[in-house]
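Q: The structure is given below, and queries will be raised subsequently.
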Amino acid sequence: MKRVDFKSAKSLISKNDVVAMVVVIKHDSEEWNIIPVQWFTQTSLKPPMFAISIGHSRYSYLCLQEADEFNICIPKKELKNELLACATSSGKDVNKFVEFDIDYFYGRFKRVPIIKNSFVAFECKYVSQIKTGDHTIFIGESKYSWLAKETEDSYNYLSMKDL
Ligand SMILES: Cc1cc2nc3c(=O)[nH]c(=O)nc-3n(C[C@H](O)[C@H](O)[C@H](O)COP(=O)(O)O)c2cc1C
């Protein structure tokens, strides 16, 4: 092996990562916001828990500070353009659901919806947060899970190499 800088070491193994679209209620209105995140992972089996890592410069960081719930949606490949649009705009300036025509439905949580074209989705109750450098990890307990009905959609979810 050879010693390299962090970016070179990390970039190749990141290509298989799944990308999530996290939906959270806005902190300053009753609208919802979407933030695409690559940095998320399961952290507990019982109860099932997830961690998402959110940059302090993101508008979603403010929203998550005040949110009781957030939904982690794993988009199907057909949501690629919407994901890229959500990743290059801020909920501070736009309503991403309206601007990018993103369909949704309500699961069990009544204040925050699930993105319709998701492959899987998890409705999470906020549990805690940990600051880590320029990001904060928000931890949520998955209360309800959803899976696309169509069996032909197996493994039809976006990963970093599709972007
Ligand atoms: C593929 C991809 C993965 C991303 N992953 C993260 C992430 O894990 N955490 C994060 O804070 N931002 C991540 N971003 C950047 C945010 O999605 C982006 O800054 C977004 O516009 C923030 O929106 P907001 O200002 O409405 O919160 C990612 C962007 C892309 C394209």
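Q: Six or more apart or on different chains, Cβ atoms under 8 Å: show the pairs whose first residue is in segment 85-103 and in contact (Cβ under 8 Å) with a residue 40 or more places away in the chain and within 22 Å of Ser57 (Cβ to Cβ) and whose second is among the basic types (Lys, Arg) and within 12 Å of the ligand (Cβ to nearest atom).
A: The qualifying pairs are Cys86/Lys96; Gly91/Lys26.
Q: Whether any residue in segment 113-127 is of a type in the set (Gly, Ala, Ser), farther than 17 Å from Ser159 by Cα and more than 10 Å from the ligand (Cβ to nearest atom) is what I want to check.
A: no
Q: Count, please, the residues in segment 131-147 that happen to be more than 17 Å from the chain's Cα centre (by Cα) and either more than 16 Å from the ligand (Cβ to nearest atom) or assigned to a strand (DSSP E or B) (or both).
A: Selection size over segment 131-147: 2.
Q: Would you say Phe109 is buried (at least 18 other Cβ atoms within 10 Å of the Cβ), away from the ligand (no atom under 12 Å from the Cβ) and either closer than 17 Å to Lys125 by Cβ or among the hydrophobic types (A, V, I, L, M, F, W, C) (or both)?
A: Yes: the conditions hold for Phe109.
Q: Got a sec? Which of Asn33, Asn71 is more than 13 Å from the ligand (Cβ to nearest atom), of a type in the set (S, T, N, Q), surrounded by 14 or more Cβ atoms within 10 Å (Cβ to Cβ) and modelled with pLDDT of 95 or more?
A: Result: Asn71 is the single residue among Asn33, Asn71 that is more than 13 Å from the ligand (Cβ to nearest atom), of a type in the set (S, T, N, Q), surrounded by 14 or more Cβ atoms within 10 Å (Cβ to Cβ) and modelled with pLDDT of 95 or more.
Q: Right, something else. Among Ser44, Ser60, which is within 12 Å of the ligand (Cβ to nearest atom), at pLDDT 95 or above and among the small types (Gly, Ala, Ser)?
A: The unique qualifying residue is Ser60.
Table: residues versus (1) acidic (Asp, Glu); (2) more than 21 Å from Asp28 (Cα to Cα); (3) assigned to a loop (DSSP other than H, G, I, E, B); (4) more than 13 Å from the chain's Cα centre (by Cα).
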residue	(1), (2), (3), (4)
Leu62	no, no, no, yes
Lys80	no, yes, no, yes
Ser90	no, no, yes, yes
Val94	no, no, yes, yes
Lys110	no, no, yes, yes
Val120	no, yes, no, no
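The values are calculated or read from the model by the stated rules, or taken from the named source; none is laboratory data. In this text, all values refer to a predicted model and were calculated from it rather than measured experimentally. Positions of Cβ are backbone-derived with ideal geometry, glycine not excepted, and every protein chain shown enters the neighbour counts.
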